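The values are calculated or read from the model by the stated rules, or taken from the named source; none is laboratory data. Since the structure is predicted, the reported quantities are computational estimates derived from the model, not experimental observations. Positions of Cβ are generated from backbone atoms using ideal geometry, with glycine treated the same way; all protein chains shown enter the neighbour counts. Just so you know, the surface numbers come from the protein's heavy atoms only, side chains and all, with ligands and any DNA or RNA stripped out. Shrake-Rupley method; radii C 1.70, N 1.55, O 1.52, S 1.80 Å.
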Amino acid sequence: ATGHIYDADLETNQKTRITNQTLPKIYEAHFRPDGLSVLLRSLNSDLETIDNLSLTLTAPRATSSAALYGVSATNLRGNVDEASVIGNILYYVLGNNPSSIVSSSFTGGSLRTLFSSNFSDWRLSRLGTNPMVYTKANSGAAGYAYNLANSGSLRKILGPLNGLVAIGSPSGREVLYSYSNGGQIKLSVRNIQKDTDLEILPATIAEKCVWSAKNQGIFFCGISVSPVSQNEPENWYGGITHFTDNIWRFDTNSEIAQLIIEPRVDFDLSLDVFSPQLSQDGKLLIFINRNDLTLWAARVN
């Protein structure tokens, strides 16, 4: 667990190491869109404390033969519970008492407190150019999702819904959300402008999906080949359950759902899609297989 950073070419599958600092036990990384800053979240040696280290990367000079980037590091202060990147701004939840949602640069500068609350179990997602906050999901507890404006005001979008997980679209016009109803997972899209809902079938946990930034109304999901049972998503978060997923493409404009990849049938692979992202051109779906934490890319366009 070195924590080295690589520049990967997804077309050729070639990887070039650009840093060699040893930063073990990193389990989460949030990159700025240009790739030159990253927030690394790691476990301290006590396996309880979370360290939050922000790195700024400087490319080697054109005249230099060295392939490694220069690195400067900044420790973010406070008990960071959740983090998200929107544009070049870092948003995170500070789990103090009361908790607060703040924004800053990757070096911790221009720190602003947007919202404070005695409730501390918040998660963050992008909704257009604003953050969206929602309560941590449990199938036995009602959840809510809010649009958080830069002024600090909250506007409710969803709730109360048990087990609510919400993923905002890059356009800010739609929210994909899953919830628990009668012991089953339901998946829907809320059109914020029209105040309408579209049920999505087959259903999955919304966190296993990602919106296309290139084509409005398009998103991709990992959908379990077996029905998702009750006590989700908390059992999946806790590692109690694992899924074998197919890859589906959804279009809210035409209301068409399309099965595009069957890993178990086509490649004899069991893939539990986690942390999905799309390449900038929208051609490749990149995700972690939660069954063994390997990194995968699949061509979807």
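For residues in segment 36-53 being of a type in the set (S, T, N, Q) and modelled with pLDDT under 95, which is farthest from Leu148 (Cα to Cα)? The extreme case among them is Ser45.
Here is the figure for segment 39-63: residues that are assigned to a strand (DSSP E or B), farther than 21 Å from Gly95 by Cα and hydrophobic (A, V, I, L, M, F, W, C) total 2. When Ala213 is tested against (1) modelled with pLDDT of 95 or more; (2) of a type in the set (A, V, I, L, M); (3) within 27 Å of Thr294 (Cα to Cα), only condition (1) is not met. Being more than 20 Å from Pro131 (Cα to Cα), under 22 Å from the mean Cα position of the chain (by Cα), open to solvent by less than 80 Å² (accessible area, probe 1.4 Å) and not charged (D, E, K, R) is a property that holds for Leu43. Say whether the condition of being in contact (Cβ under 8 Å) with a residue 24 or more places away in the chain and more than 25 Å from Leu278 (Cβ to Cβ) is met by at least one residue in segment 183-198. Looking for residues that are in contact (Cβ under 8 Å) with a residue 24 or more places away in the chain and more than 25 Å from Leu278 (Cβ to Cβ), one finds at least one in segment 183-198, hence yes. Of all residues in segment 16-40, those satisfying the criterion of being open to solvent by less than 60 Å² (accessible area, probe 1.4 Å) and among the polar types (S, T, N, Q) are Thr19, Ser37. Going through segment 70-102 one residue at a time, which ones are under 22 Å from Asn147 (Cα atoms), in contact (Cβ under 8 Å) with a residue 24 or more places away in the chain and of a type in the set (Ser, Thr, Tyr)? Within segment 70-102, Ser84, Tyr91, Tyr92 qualify. Restricting attention to segment 3-28, the residues being farther than 19 Å from Trp296 by Cβ, modelled with pLDDT under 90 and among the charged types (D, E, K, R) number 1. For segment 223-241, indicate whether the set of residues that are buried (at least 17 other Cβ atoms within 10 Å of the Cβ) and over 27 Å from Gly182 (Cβ atoms) is non-empty. No, segment 223-241 contains no residue that is buried (at least 17 other Cβ atoms within 10 Å of the Cβ) and over 27 Å from Gly182 (Cβ atoms). Does at least one position in segment 75-94 carry a residue that is of a type outside the set (A, V, I, L, M) and touching a Pro at 6+ places or on another chain (Cβ under 6 Å)? Yes: segment 75-94 contains one or more residues that are of a type outside the set (A, V, I, L, M) and touching a Pro at 6+ places or on another chain (Cβ under 6 Å). If the condition is being open to solvent by 20 Å² or more (accessible area, probe 1.4 Å) and in contact with a Pro (Cβ under 8 Å, 6 or more places away or on another chain), then segment 261-297 contributes Leu269, Ser270, Ile286. Does at least one position in segment 6-15 carry a residue that is within 22 Å of the chain's Cα centre (by Cα) and either over 23 Å from Ile286 (Cα atoms) or open to solvent by less than 50 Å² (accessible area, probe 1.4 Å) (or both)? Among the residues of segment 6-15, not one is within 22 Å of the chain's Cα centre (by Cα) and either over 23 Å from Ile286 (Cα atoms) or open to solvent by less than 50 Å² (accessible area, probe 1.4 Å) (or both), which makes the answer no. You will find that of Arg32, Arg17, the residue that is in contact (Cβ under 8 Å) with a residue 40 or more places away in the chain and closer than 21 Å to Ser104 by Cα is Arg32 and no other. Here are Gly168, Gly159: which of them is open to solvent by less than 20 Å² (accessible area, probe 1.4 Å) and not hydroxyl-bearing (Ser, Thr, Tyr)? Answer to the selection: Gly168. Residues being under 26 Å from Ile50 (Cα atoms), aliphatic (A, V, I, L, M), in a loop (DSSP other than H, G, I, E, B) and open to solvent by 20 Å² or more (accessible area, probe 1.4 Å) are entirely absent from segment 84-102.
What are the residues in segment 56-69 that are surrounded by 10 or more Cβ atoms within 10 Å (Cβ to Cβ) and either more than 19 Å from Thr19 (Cβ to Cβ) or touching a residue at least 24 places away in the same chain (Cβ under 8 Å) (or both), if any? Thr56, Leu57, Ala67, Leu68, Tyr69, listed by residue number.
Among all residues of segment 196-218, there is at least one that is more than 30 Å from Ala297 (Cα to Cα) and surrounded by fewer than 23 Cβ atoms within 10 Å (Cβ to Cβ).
For segment 171-184, a tally of residues being open to solvent by 20 Å² or more (accessible area, probe 1.4 Å) and of a type outside the set (D, E, K, R) returns 8.
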